[in-house]
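Novice: Let me begin by handing over the structure; questions about it come next.
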Amino acid sequence: MTAGVRQEPREATRPRTPRRTRLPALLALLVGLAGVGYRLALLLADAPPTNSDEATMGLAALHIARGEGFPVWFYGQAYMGTLEAYLAAPLVALAGPSVLVLRLPTLALYALFLALSWRLTRRLGGDRWFALLVVAVLALGSDRVIKNQLIAGGGYPELNPAGVALALLTVSLCAGVPGARLPRRAAAAEAATSGSATSGTAAARLARWAGWGLVSGLLLWADPLILPFVLALGAVLAGCRRRELIGRAGAVLTAGLVLGAAPMLLDSLRHGRDPLAAVLTASGADDAASWGERLYGGLVLGPPLATGLCSPGHCAGWQLWWAPAFVVLLLLAAITAWRALRRPLPPADPGHFPFAANDNCPRSGDDPAGATERRVSAAVRLALLAGAAAVLAAYTASSAAGRTPVESARYLSVLAVATPVLLWPLWTAARRAGLWPSPRHDDETAGSDRPGHHVGEPEPIHRESGGRMPTLVAGVVAVAVLAGMLGTGAVATAGAIGGVPATHAEADRHRALVDTLGALGVRHVRAGYWTCNRLTFVTGEDVRCAVVDDELRPGFDRLPAYRRAVDADPDAAWVAPAGSPLAARLDARLGPGPGTLRMVEVPGWRIYLPRR
């Protein structure tokens with residue numbers, strides 16, 4: 001009975017799962033927690049400083065929480081969706097209006113951005129040490145970066161995590177296996193052993209298609225700044241899976257897109273508004289600025305400010321080294337991705353070319369060498385670089401880059417989506433030079449953390465090609481650039497921390513102003529734009545404010561109802577920062593008689609009450 005039966009070793013029937021190095025993943029977790037903790041500490045210390053634009057979003061959240069209104073756009077304009085207000089509304093309903101409550105969702109979005117960036121780096125072919133480097137760069141927080149990530153002023157905190165999620169979905173859909181494309185025997189075996197596994201896989205894939213459409217729609221509603229990334233990634237997806245798009249996948253994606261952009265679409269149909277035209281008008285496209293000013297603001301100041309390498313409120317001369325380095329890296333990364341995309345496939349698997357006419361995209365098991373998977377990685381990397389280049393070019397062409405480069409650099413915040421791709425040439429050069437040990441295949445497989453689901457690998461290391469010395473020099477330069485980037489970012493982060501005490505003191509003075517107005521029984525005030533909505537939000541609309549300019553003339557009210565309420569109150573007060581032009585104008589109206597004003601002074605503020 002047992003003749004001819006050979007007992008196999010246990011190792012042959014149950015292969016051992018290869019051990020993986022957990023140190024970089026653990027370090028990345030610690031670095032990510034440090035980045036989130038740093039930002040939470042800033043929030044608790046009232047940093048970064050708030051303003052009336054953020055308070056306007058807070059008022060929208062307050063109205064949503066109370067069920068008094070469901071605004072589509074940032075009050076007073078026909079662009080920039082109120083997604084942040086809807087995210088914060090449940091917290092405002094529970095805890096009441098405050099800047100901290102308004103910013104907790106943006107902090108959660110930043111944490112999600114870190115996690116997704118780690119995952120995207122791995123899926124694009126980076127090993128865990130490279131993913132750790134990406135997380136470390138994104139954990140730093142200069143003044144401009146912190147404002148973009150934490151201030152709920154509309155459009156910026158949600159763009160980066162959503163953009164990275166879109167890239168991840170693109171990789172997953174291009175490299176994934178459509179259920180209908182399973183070989184016949186494999187499909188029969190799978191059906192026999194796992195029942196509804198195939199239908200479950202198909203349903204999960206359709207969910208990813210729906211997710212791609214939904215995220216794209218939400219992004220377009222929240223802020224069209226991300227449009228170049230959406231178009232570039234969409235082109236990759238269409239080129240890779242165009243046949244699948246003709247069927248249910250296309251219908252599901254379209255439904256998700258319409259659902260995500262529904263607020264924008266419905267408002268445009270009802271009121272005939274064009275959000276894109278409104279954005280172009282607001283960007284200063286019609287204002288004068290010389291091309292020299294635009295090029296300097298867009299290409300010299302823009303990259304260091306947007307990527308967090310500048311001091312609070314300005315860029316020192318030595319911090320501008322990153323501007324040419326950024327452009328060079330953008331070009332090198334594009335060349336690297338293009339060469340990987342055009343690299344021929346092994347002859348053992350002819351015909352399986354992604355984006356080819358036969359629509360054969362990579363799938364697990366088609367190519368043991370992983371060449372087609374690397375092409376998917378290269379295509380997505382190229383799309384991210386194209387999106388970054390388009391954003392930078394559009395910003396440089398706008399007058400905002402020349403007129404207000406320091407403040408308008410926030411328009412470049414979406415460049416952070418391309419961080420893993422931008423640093424790729426530096427990491428590759430260091431690896432080729434042997435300045436960082438190459439990962440063992442069983443320890444640091446690229447792509448996913450699960451064996452057999454990898455999308456791309458780091459470029460092969462050929463030290464012998466081109467000579468050892470040029471390779472070593474390139475590696476040393478790459479390490480120097482990475483070290484300089486981390487060091488400059490750390491200095492800029494320290495500068496942001498140094499400004500926290502002054503920001504906290506100003507917030508204390510504003511709280512004293514609110515308490516004094518409450519003690520005086522003041523319900524209606526007139527003040528400057530940067531005072532009004534901030535005051536109204538933190539008081540939960542107990543104090544309503546109408547905007548005036550420095551000449552006491554009516555200003556821009558984002559909510560006209562506040563002006564009507566103030567104008568109807570003969571005892572409405574005036575509020576002005578101490579030492580401001582508005583305070584100087586109101587000082588001239590102080591006096592003892594009827595029709596004049598009396599002043600109540602609060603540290604940093606002046607309250608003017610009418611005499612009767």
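The values are calculated or read from the model by the stated rules, or taken from the named source; none is laboratory data. Here the structure is a predicted model, which is why all the values come from computation and not from measurement. Quick reminder, even Gly has a Cβ in these numbers, built from the backbone with ideal geometry, and neighbours come from all protein chains shown. When the accessible area is computed, the model is the full protein with side chains, heavy atoms only, and any ligands, DNA or RNA have been set aside. Shrake-Rupley method; radii C 1.70, N 1.55, O 1.52, S 1.80 Å.
Novice: Report, by residue number, each residue of the range 284-310 that is within 22 Å of the chain's Cα centre (by Cα) and open to solvent by 30 Å² or more (accessible area, probe 1.4 Å). Give the derivation first.
Specialist: Residues of the range 284-310 that are within 22 Å of the chain's Cα centre (by Cα), as a first pass: 297-310.
Of everything in the range 284-310, those that are within 22 Å of the chain's Cα centre (by Cα) and open to solvent by 30 Å² or more (accessible area, probe 1.4 Å) turn out to be L299, V300, T307.
Novice: Considering only residues that are under 16 Å from N51 (Cα atoms) and open to solvent by 10 Å² or more (accessible area, probe 1.4 Å), which ones fall in the range 520-530?
Specialist: Answer for the range 520-530, where residues must be under 16 Å from N51 (Cα atoms) and open to solvent by 10 Å² or more (accessible area, probe 1.4 Å): G528, Y529, W530.
Novice: Specify the residue that is modelled with the highest pLDDT; the eligible residues are those in the range 118-165 that are assigned to a loop (DSSP other than H, G, I, E, B) and over 17 Å from the mean Cα position of the chain (by Cα).
Specialist: Among those residues, the one meeting the criterion is L124.
Novice: Tell me yes or no: at least one residue of the range 32-42 is of a type in the set (K, R), at pLDDT 95 or above and surrounded by 13 or more Cβ atoms within 10 Å (Cβ to Cβ). Walk me through how you get there before you give the answer.
Specialist: So in the range 32-42, the residues of a type in the set (K, R) come out as 39.
From what is left, the residues that are at pLDDT 95 or above are 39.
Next cut, surrounded by 13 or more Cβ atoms within 10 Å (Cβ to Cβ) only: 39.
The answer is yes, given that some residue of the range 32-42 is of a type in the set (K, R), at pLDDT 95 or above and surrounded by 13 or more Cβ atoms within 10 Å (Cβ to Cβ).
Novice: Now for a different question. Any residue in the range 42-66 that is within 16 Å of Q149 (Cα to Cα) and among the charged types (D, E, K, R) sitting within a Cβ distance under 6 Å of a residue that is open to solvent by less than 20 Å² (accessible area, probe 1.4 Å) and in a helix (DSSP H, G or I)? List the pairs, counting only those 6 or more apart or interchain.
Specialist: Once the first residue is within 16 Å of Q149 (Cα to Cα) and among the charged types (D, E, K, R) and sits in the range 42-66, its partners that are open to solvent by less than 20 Å² (accessible area, probe 1.4 Å) and in a helix (DSSP H, G or I) give D46/A507.
Novice: Evaluate the range 67-82: report whether one residue or more is open to solvent by 10 Å² or more (accessible area, probe 1.4 Å) and part of a helix (DSSP H, G or I).
Specialist: No, because not a single residue in the range 67-82 is open to solvent by 10 Å² or more (accessible area, probe 1.4 Å) and part of a helix (DSSP H, G or I).
Novice: Select from the range 557-612 the residues that are out of contact with any Cys (no Cβ under 9 Å at 6 or more places or on another chain) and among the acidic types (D, E) and write down the one among them that is farthest from N533 (Cα to Cα).
Specialist: D587
Novice: Can you go through L87, L168 and tell me which one is at pLDDT 95 or above, over 30 Å from G487 (Cα atoms) and either in a helix (DSSP H, G or I) or over 12 Å from the mean Cα position of the chain (by Cα) (or both)?
Specialist: Testing whether each residue is at pLDDT 95 or above, over 30 Å from G487 (Cα atoms) and either in a helix (DSSP H, G or I) or over 12 Å from the mean Cα position of the chain (by Cα) (or both) leaves just L87.
Novice: Separate question: Step by step: first the residues of the range 580-591, then only those that are buried (at least 19 other Cβ atoms within 10 Å of the Cβ) and without any contact (Cβ under 8 Å) to a residue 40 or more places away in the chain, then the one that is farthest from the chain's Cα centre (by Cα). Which residue is that? Give the steps one after another, and end with the answer.
Specialist: Of the range 580-591, the ones buried (at least 19 other Cβ atoms within 10 Å of the Cβ) are 582-583, 586.
Checking which are without any contact (Cβ under 8 Å) to a residue 40 or more places away in the chain leaves us with 583, 586.
Details: A583: 39, L586: 43 Å.
Checking each candidate, the answer is L586.
Novice: Between a first residue in the range 231-251 that is within 20 Å of L384 (Cβ to Cβ) and a second residue that is of a type outside the set (A, V, I, L, M, F, W, C) and surrounded by 16 or more Cβ atoms within 10 Å (Cβ to Cβ), which pairs have beta carbons less than 7 Å apart while being 6 or more apart in sequence or on different chains?
Specialist: Hits for this filter: A232/G387; L233/T170; V236/T170; L237/T170; C240/P354.
Novice: Could you list, in sequence order, all residues of the range 115-158 that are closer than 20 Å to L435 by Cα and in contact with a Lys or Arg (Cβ under 8 Å, 6 or more places away or on another chain)?
Specialist: Scanning the range 115-158 gives G125, R128, A131.
Novice: Quick one: P603 ticks every box in (1) in contact (Cβ under 8 Å) with a residue 24 or more places away in the chain; (2) open to solvent by less than 40 Å² (accessible area, probe 1.4 Å) bar one, so which box is it?
Specialist: Of everything listed in (1) in contact (Cβ under 8 Å) with a residue 24 or more places away in the chain; (2) open to solvent by less than 40 Å² (accessible area, probe 1.4 Å), P603 misses just condition (2).
Novice: Go through L259, L269, L276 for me and flag whichever is over 24 Å from A306 (Cα atoms), at pLDDT below 90 and either surrounded by fewer than 22 Cβ atoms within 10 Å (Cβ to Cβ) or among the polar types (S, T, N, Q) (or both).
Specialist: Numbers: L259 fails: at pLDDT below 90; L276 fails: over 24 Å from A306 (Cα atoms).
None of the other options fit; the residue is L269.
Novice: Let me ask another. Taking the stated definitions as given, is V164 under 26 Å from A232 (Cα atoms), open to solvent by less than 10 Å² (accessible area, probe 1.4 Å) and among the β-branched types (V, I, T)?
Specialist: yes
Novice: Please go through the range 537-579 and give me each residue that is surrounded by 19 or more Cβ atoms within 10 Å (Cβ to Cβ), in a helix (DSSP H, G or I) and under 36 Å from the mean Cα position of the chain (by Cα), ordered by number.
Specialist: Across the range 537-579, the qualifying residues are F537, V538, Y562, R563.
Novice: Select, from P610, P594, the only residue that is over 21 Å from Y75 (Cα atoms), more than 43 Å from the chain's Cα centre (by Cα) and either open to solvent by less than 80 Å² (accessible area, probe 1.4 Å) or basic (K, R) (or both).
Specialist: Details: P594 fails: either open to solvent by less than 80 Å² (accessible area, probe 1.4 Å) or basic (K, R) (or both).
Selected residue: P610, the only one of P610, P594 that is over 21 Å from Y75 (Cα atoms), more than 43 Å from the chain's Cα centre (by Cα) and either open to solvent by less than 80 Å² (accessible area, probe 1.4 Å) or basic (K, R) (or both).
Novice: Let me ask something else. Tell me whether the range 90-111 contains one or more residues that are within 19 Å of the chain's Cα centre (by Cα), more than 30 Å from A383 (Cα to Cα) and surrounded by 21 or more Cβ atoms within 10 Å (Cβ to Cβ).
Specialist: The answer is yes, given that some residue of the range 90-111 is within 19 Å of the chain's Cα centre (by Cα), more than 30 Å from A383 (Cα to Cα) and surrounded by 21 or more Cβ atoms within 10 Å (Cβ to Cβ).
Novice: From the residues in the range 200-256 that are modelled with pLDDT of 90 or more and of a type in the set (S, T, N, Q), which one is least open to solvent (accessible area, probe 1.4 Å)?
Specialist: Restricting to residues being modelled with pLDDT of 90 or more and of a type in the set (S, T, N, Q), the top hit is S216.
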